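Just below is one structure, and these are the notes that go with it.
What follows draws every value from the coordinates through simple rules; no lab data is involved. Since the model is a prediction, treat every value here as computed from it, not as a measurement. When we count neighbours, we look across all protein chains shown, and the Cβ atoms used for this are built from the backbone with ideal geometry, even at glycine.
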Amino acid sequence: LLVAVAMTTTSNAECVDQIFTPLNACSLEVLGSSLVVGCYQLTEARSGGGEGDGSPEGTSPTDDIGGNCDGGIDDDTSSNEPDQPSSAGATRSGELRLYATHSLLQDASPSFGEPTQVVDTESGVLDAKWHTIPATETSNDRSGSGNGSSERQYLASACASGSVHIYQLSRVQTTDSNALSETLSLVASSEASDVDGGSGSRLALSLDWDRSILNAVPERMPEQKIVSSYSDGSISIHSFNSSLETQSLAEKERWDGHTLFGCPSEVWTCSFAASSSTGSSPASSDGSNLVLSGGDDCTLKLWDVRSLPSPVAKVGSSEFEAGVTAVSYHPKLENLFAVGSYDEVIRLYDMRMLGGEPLCRVNVGGGVWRIRWHPTKNGRMLVGAMHGGCRIVNFKALMNLRVDITGFDTDRDSLSAEIESEFTDHNSMAYGADWLVRDGGSPEYAASCSFYDRRVCMWMSTATNLNTIK
């Protein structure tokens, strides 16, 4: 069994382009050539000085609503906010910034260019996820994709207001060039006031689509599911009706998931426990009934929505030394998922052995905020490691594993990890990260964003120096 170890130093990945956002960059999501940055801004009143100068410095989501089990994380606000903030009069704002990275389809290095659209949101965007839905045989595709595709692309966002919003992506060929014009249109929302009496006290911290439902029979395709987690310790299941005639989002289930010292604990992360691959899956024809969540209470929990409100399994502080901040179910290998924590360790788990030891532990040198499995290479992982920057991690034993009905099955003694490369150009906490995969797969790039310095970078993620952790 691989034990947690200190990360060995590797060469830094090469930055190929960067931009700076007007507001603090909190999340980054890629779908093909479409890249969206979610921004979050908390502007606080100053003690003894009213609301100050109104400058959008703000604090990070973790500073805004809590820390971890050890009493919090490092705070960058000292350099940005010389005055002591006061909660009175604080305001939140945010936006989605959409970019078209069409150079990924060519031989040139990717670049941002100008945003194709900036969507103002009623509050900060803390998380977002893309989702592609095939059109049903009985539906007419009026998505305005403009490229002849029957697929429809959606972006779900989790906001500091407690709301969940669904946007549809449209692509239209421009008349004066070969480029595509991309826009996001709001099609459905689940407002915070719909479920908490309008108090607006809970922040939506994370969300995930149920991708296993894409294997359902076509007539069930219009019903999609989203799980979301909140700062008040709760978890919700939403139903998204993707019928083009009546697109709507409604909360179907809600329960209290995490507490710390008898008080609600922030649920930093959540995920459906099912992949998008066919074969051995815990999903039914209605999608997955299993949900994973991680909280500031140093606990990972597995839920079956058919037997709430108690979890069916949990891993607590005997394993995690700080809050559980990221959960990522493998997109192809059933039963396998990764968990990240403020304690800087990524753990791999097998769903069939959740009560025992993790399959693997690897220290990535920073608190883990985002985990991204590679879309085509089974053993490759991108990590947003907060103050540590970003890491590319390889699990060689998973690289050539077949995707079939037997699912994930490997000898844990052979499961080792490699820190292939790191990206440390960010001068603040790296929160968002995602892969940029071009046709042909090489060279390979990634994108990431950091909060206080509002920097968004594209960088080459191809290996330059391999260091095996033993």
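Spacing of the modelled spin labels on Ala250 and Glu151, each 7 Å from Cα toward Cβ, amounts to 2.9 nm.
What the Cβ-Cβ distance of Thr132 and Ser181 gives, at R0 = 22 Å and to the nearest 0.05, is a FRET efficiency of 0.70. Relative contact order of the stretch 313-384, taken over Cα pairs closer than 8 Å and 6 or more residues apart, is 27 percent. Step through the table entries Lys129/Lys396; Lys252/Lys332; Lys225/Lys396; Lys129/Lys377; Lys225/Lys301, compare each Cα-Cα distance with 22 Å, and write down the pairs that go over it. Checking Cα-Cα distances, Lys129/Lys396; Lys252/Lys332; Lys225/Lys396 exceed 22 Å.
If packing is taken as the average number of other Cβ atoms within 10 Å across a peptide's residues, how do 181-187, 421-427 rank, most packed first? Working shown, then result.
Numbers: 181-187: 16.9, 421-427: 21.4.
Peptide ranking by packing, descending: 421-427, 181-187.
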